[in-house]
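Here's the structure we're looking at; comments come further down.
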Amino acid sequence: MLWTPLLWLLACGGEENPTSDGSDGTPGSSDTTDASAATGTAGASTAPSPTTTTTTTTSDDPGITTSSATSSGDGSSSGGTTGGRTCEGELPAHWIDGVDCGSEPQVQVHAYDPDTWILRQSLCTSFEGPFMMLLFGSERALLLDTGDGGIPIADVVHGLVEDWSQAHGGAQIELIVANTHAHGDHTAGNDAFVGHASTTIVGVGEAAVREFFGIADWPDEIVPYDLGGRVLDIVPLPGHEKAHIAVFDRATGVVFTGDTLYPGRLYIADFPAYVASIGRLVDHLAGHEVCRVLGAHIEMTNTPGDDFEFMQPSHPNEHPLELDLTHLLELRDAVEAMAEPMIEVHDDFIVYPL
Ligand SMILES: [Zn+2]
């Protein structure tokens, strides 16, 4: 998410262009394929964010790594069994956070479970530090978001696809490249997949998303999308951005909410659409067991209600990525109660109408 009101005005013209960076302050965006090389550090700048933190910690993720979880969590109180379902996937004890750009990789690759991967772009390459998801079914894999550019995203993903294929008897699967929404910090890597075999790139923007997933009645129609023995529900979620979707994975019980809900500033461009979208998602999930809610950024610290400064190049003591259904319900209640759009700070997210 990102997009201060000022940046929104300056940069949103590129929001449906998959080649548009869509962000700024992102140095070192060379197309290096040296996965172990960290690029430069973005400079801090002033921001609308009211708070900042100065505590520090260290990173211990040198090199691009394909690491399995060694911990079931990181001390977070979220996740767990909220929604009536035990989470089987595991989250890492630590995400790369930009604190040590000399040692952290450009992309952290985490195995949530054998068929689910969570990737994080280093804050050393983009202050956005977006997360990307790779979900495997028996017939195809879905890559949800491609990052903010300046990282070897295609190499990383193709390596994971190859590994998965080898682990499944050389099975050939199609790679679907899609986006939670059209902003550049989620789509900048799309073009890196152009021209690759067995790859389909879903266009950005509402029309392309509707056409690919077969959504006739946007935004009210929720459609299934089968990866092969793994059905996802595609939920139209305009509000932050008009082509935004949520993806509910019935297999894991995880809801991927992109920039609509994550531990940070929830920038809302179209408030009525956003309120309706949150209600739509909550209503849909009422019929399912929800394990976790995973968004696409972290902008909160571990201190309740405290967010990092906008464009802050490192995130010491980050809030965990994972939220749960209680946060989604808290968000719904908050926005539905607002007589008019207003900034409202909660412990784990900030409602931030533009
Ligand atoms: Zn974003």
Within the range 260-284, work out how many residues are touching a residue at least 60 places away in the same chain (Cβ under 8 Å), in contact with a strand residue (DSSP E or B) (Cβ under 7 Å, 6 or more places away or on another chain) and part of a helix (DSSP H, G or I). 4
Answer yes or no as to whether residue 204 is modelled with pLDDT of 95 or more, of a type in the set (Val, Ile, Thr) and not in a loop (DSSP other than H, G, I, E, B). no
Condition first: within 16 Å of the ligand (Cβ to nearest atom) and more than 16 Å from the chain's Cα centre (by Cα). Now tell me which residues in the range 141-193 satisfy that. 150
When you scan the range 119-142, do you find a residue that is in contact (Cβ under 8 Å) with a residue 60 or more places away in the chain and touching a Cys at 6+ places or on another chain (Cβ under 7 Å), even just one? yes
Could you check residue 335 against (1) part of a loop (DSSP other than H, G, I, E, B); (2) more than 19 Å from the chain's Cα centre (by Cα); (3) crowded, with 20+ Cβ neighbours inside 10 Å and say which number it fails? (1)
So residue 141 ticks every box in (1) within 17 Å of residue 322 (Cβ to Cβ); (2) part of a strand (DSSP E or B) but one. Which box is left unticked? (1)
Name every residue in the range 127-140 that is under 22 Å from residue 247 (Cα atoms) and within 16 Å of the ligand (Cβ to nearest atom), in order of residue number. 128, 129, 130, 131, 132, 133
Name the residue that is nearest to residue 353 (Cα to Cα), counting only residues in the range 266-313 that are in contact with a Phe, Trp or Tyr (Cβ under 9 Å, 6 or more places away or on another chain) and surrounded by fewer than 18 Cβ atoms within 10 Å (Cβ to Cβ). 284
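The values are calculated or read from the model by the stated rules, or taken from the named source; none is laboratory data. Model, not experiment: these values are computed from the prediction. Please note: Cβ atoms are built from the backbone with ideal geometry, for glycine as well, and neighbour counts cover all protein chains shown.
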